[in-house]
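> Supplied in structure tokens, the structure appears directly below.
The values are calculated or read from the model by the stated rules, or taken from the named source; none is laboratory data. Keep in mind that this is a model prediction, so the values were computed, not measured. Quick reminder, even Gly has a Cβ in these numbers, built from the backbone with ideal geometry, and neighbours come from all protein chains shown.
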Amino acid sequence: MSEPILLIMAAGMGSRYGGLKQMDPIGPAGEVILHYSVYDAMRAGFKRVVFLIKHEIEEDFRRMVGEPVARHMEVHYAFQELNKIPAPFTVPEGRVKPWGTSHAVLCCREFLDAPFIAVNADDYYGAEAFRTAYDYLKDMDNDKPEWMMVGYKLANTTTANGYVSRGVCKVNDQAMLTGVDERLHIVESSDGPLYTEDEKHYTLLRRDDTVSMNFWGLNGAFLKEIEDGFPAFLEKAMKENPMKGEYLLPRSINEALQEGRASVKVLESDGKWFGVTYPEDRPTVVEAVRKMTEEGLYPSPLFA
């Protein structure tokens, strides 16, 4: 069985944050948030990492992020490019928005020859999640559409500084995912997390609802799934939303799930998620990392 792979998707710009938050130092020795994911994954047993980035940031990313990691792990770079789409499709004139996270994973295909986890670059997931994922992926069949996700309690994933979008998961008694409800506008309140679709009417969610933080365990069967589905997505997007239509990883998974082509095991995490969704979140994350470093959970610097 091939060694599991870590895929970090770092091509996005932080629109609500106002900058390229993936490269904003938050650690005591100048570490960026994804360094902690890489370090936790490395401690869990991962030996290979693929960074999905844009060509525009390649030089700075390699220097600030990739080079320290390369002293300890095998590092590969992949690039999400608009023109990486199958014939006969062409990029609509004026389109600048990437094609979404499922397309991002396809852009990494040449490096994904074994089961892999796909995670965001701007989230702190915690060491437990990577240990659990590595142990699960070691035994995953690369050719079977049997996938995995690490789920978090909703209350551990919100911010006091604005709204967040979360996939609220439906999980059966066998810890299998049966569906995902996308909630695009969740805010904290004294009564608990609330979501709204019109910013007028709000619905209370449970604090212990399981949500997806885009921590997925996938494999070659998933690559085939999204490659096969990409032309149909493009055909629809060209007609309905050529400038902004996105081929999204959670939707690809949910579609395969609902149509009976795949299964997804949910591994629950009690860990606290940290993320820099808004500029106001940064001090909280910096303080959390400082405290964990002082407590000895992380060395400083991470990659000496």
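> List every residue pair whose Cβ atoms sit under 8 Å apart, with the two residues 6 or more apart in sequence or on different chains, where the first one lies in the range 170-184 and is without any contact (Cβ under 8 Å) to a residue 40 or more places away in the chain and the second, anywhere, is part of a strand (DSSP E or B) and among the polar types (S, T, N, Q).
170/178; 172/178; 183/165; 184/165
> A further question follows. Could you pull out the residue among 40, 135 that is among the acidic types (Asp, Glu) and touching a Phe, Trp or Tyr at 6+ places or on another chain (Cβ under 6 Å)? Even if it seems obvious, please write down each step before you answer.
Numbers: 135 fails: touching a Phe, Trp or Tyr at 6+ places or on another chain (Cβ under 6 Å).
It is 40.
> Within the range 247-270, how many residues are under 24 Å from residue 160 (Cα atoms) and surrounded by 19 or more Cβ atoms within 10 Å (Cβ to Cβ)? Before you say what the answer is, go through the steps one by one.
Quick first cut of the range 247-270, residues under 24 Å from residue 160 (Cα atoms) only: 268-270.
Checking the rest, the ones that are also surrounded by 19 or more Cβ atoms within 10 Å (Cβ to Cβ) come to 269.
Total meeting the criteria: 1.
> Only one of these conditions is not met by residue 57: (1) within 27 Å of residue 281 (Cβ to Cβ); (2) assigned to a helix (DSSP H, G or I); (3) in contact with a Gly (Cβ under 7 Å, 6 or more places away or on another chain). Which number is it?
(3)
> Would it be correct to say that residue 267 is of a type in the set (A, V, I, L, M) and part of a strand (DSSP E or B)?
Numbers: of a type in the set (A, V, I, L, M): yes; part of a strand (DSSP E or B): yes.
So residue 267 passes the test.
> Select from the range 190-215 the residues that are among the small types (Gly, Ala, Ser) and either part of a strand (DSSP E or B) or loosely packed, with under 11 Cβ neighbours inside 10 Å (or both) and list them in ascending order.
Result: 190, 212.
> Next up: In the list 257, 234, which residue meets the criterion of being within 16 Å of residue 181 (Cβ to Cβ) and not in a strand (DSSP E or B)? Write out each step before concluding.
On the way: 234 fails: within 16 Å of residue 181 (Cβ to Cβ).
Unique residue meeting the criteria: 257.
> Just the residues that are buried (at least 19 other Cβ atoms within 10 Å of the Cβ) and modelled with pLDDT under 95, please, taken from the range 70-97.
Residue satisfying the conditions is 80 alone.
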